[in-house]
Amino acid sequence: MNKKVNVNTLKNLKNSGEKFSVLTAYDYSTAKYIDEAGVDVVLIGDSLAMVALGYETTHNIGVEEMKIFTKAVAKGVSRALVITDMPFLSYHTDIPSAVKNCGEMIRAGANGVKIEGWSDYILEVVKRLVETGIPVMGHLGFTPQFLNTLGGYKIQGKTQEATEEILKQAKQLEAAGAFSIVLEMVPQESAKYITENISIPTISCGAGGYCDAQVLVSDDVFGKYSDFTPKFARKYGDMRALILECAKKFDQDVKSGKFPSENEVF
Ligand code: KIV
């Protein structure tokens, strides 16, 4: 399918029981290849703070940086839906600045934004964004921007009561206009229950196979980021090894005089 993916495409996929894929991207050429591969949604995740910029947590990245990466990724994508993750503090202080910051990402080339968490205030933000014409992906369960209040990287929704609470939040996000919801680090049975009880697609980030879609950080999938790999990520390649091999060969060729050759000079 070469038609540009939009929010309705994803809702229709859920209705017909077809899964879709989501991968993060942070630069032009990677985004281009991910799009070419047929991945349906490209997410400029704030995980880029850690995997691309080497920061300690996602708290360290701001709107201006996210905008630069959004521009690069959006230029590389022609088919997939491009979603920018709104960074910490970019939508939390007041509605006008939330709308402005999210609008900046649309101007930079995103087709929508992702925001974490749930509260009366967040529901109002979602409503106002949707009224402004900005599609919103929600994010529940483990929400990295709440790392300090959650007390660490902890699985969420482990009991029936906690699952009902996430379902309540998901239903309210849906009513506020969100077009999909990421469920992060939620037991698969809880994610199944939530997925079956809302009409918009759920996107699993370590929430098992019953969700309507799966998202992973591309650096984990490509085997590029080696500081930490979550249990739920699957490594499909070893880019770290490939980069090491190429860089070592180049280094040796330069030092031994094998590079450049006659064909590589003017
Ligand atoms: O920041 C990110 O990359 C994310 C996804 C993995 C869901 O939020």
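The values are calculated or read from the model by the stated rules, or taken from the named source; none is laboratory data. As the structure is a computational prediction, the values presented were derived from the model and not from experiment. Here the Cβ positions follow ideal geometry from the backbone for every residue, glycine too, while neighbour counts run over all protein chains shown.
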*Select from the stretch 10-24 the residues that are more than 10 Å from the ligand (Cβ to nearest atom) and in contact with a strand residue (DSSP E or B) (Cβ under 7 Å, 6 or more places away or on another chain) and list them in ascending order.*
10, 13, 19, 20, 21
_So if I check each of 266, 250, 259, which one is without any contact (Cβ under 8 Å) to a residue 12 or more places away in the chain and either in contact with a Lys or Arg (Cβ under 6 Å, 6 or more places away or on another chain) or surrounded by 13 or more Cβ atoms within 10 Å (Cβ to Cβ) (or both)?_
259
*asked:* The conditions are (1) within 16 Å of the ligand (Cβ to nearest atom); (2) loosely packed, with under 12 Cβ neighbours inside 10 Å; (3) on the phi > 0 side of the Ramachandran plot, and residue 206 fails exactly one of them. Which is it?
replied: (2)
*Restricting attention to the stretch 27-42, does a residue exist that is part of a helix (DSSP H, G or I) and hydrophobic (A, V, I, L, M, F, W, C)?*
yes
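Conditions tested, residue by residue: (1) in contact with an Asp or Glu (Cβ under 6 Å, 6 or more places away or on another chain); (2) under 23 Å from residue 46 (Cα atoms); (3) aliphatic (A, V, I, L, M).
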site	(1), (2), (3)
177	no, yes, no
201	yes, yes, no
207	no, yes, yes
212	no, yes, no
215	no, yes, yes
219	no, yes, no
229	yes, yes, no
252	no, no, no
*asked:* Yes or no: the stretch 69-90 includes at least one residue that is more than 29 Å from residue 198 (Cβ to Cβ) and acidic (Asp, Glu).
replied: no
*If a residue has to be of a type outside the set (A, V, I, L, M), more than 28 Å from residue 191 (Cβ to Cβ) and not in a helix (DSSP H, G or I) to count, how many in the stretch 230-266 make the cut?*
7
*So which pairs qualify, if the first residue must be in the stretch 29-41 and on the phi < 0 side of the Ramachandran plot, the second must be surrounded by 13 or more Cβ atoms within 10 Å (Cβ to Cβ) and in a helix (DSSP H, G or I), the Cβ gap must be under 6 Å, and the two must be at least 6 apart or on different chains?*
31/73; 31/76; 32/76
*Looking at (1) polar (S, T, N, Q); (2) without any contact (Cβ under 8 Å) to a residue 12 or more places away in the chain; (3) within 13 Å of the ligand (Cβ to nearest atom), find the lone condition where residue 93 falls short.*
(3)
*asked:* Going by what's in this entry, would residue 227 be described as more than 30 Å from residue 11 (Cβ to Cβ) and either part of a loop (DSSP other than H, G, I, E, B) or modelled with pLDDT of 95 or more (or both)?
replied: yes
_Enumeration of residues in the stretch 173-190 that are under 28 Å from residue 57 (Cα atoms) and touching a residue at least 40 places away in the same chain (Cβ under 8 Å)_ = 173, 178, 179, 180, 181, 182, 183, 184, 185, 186
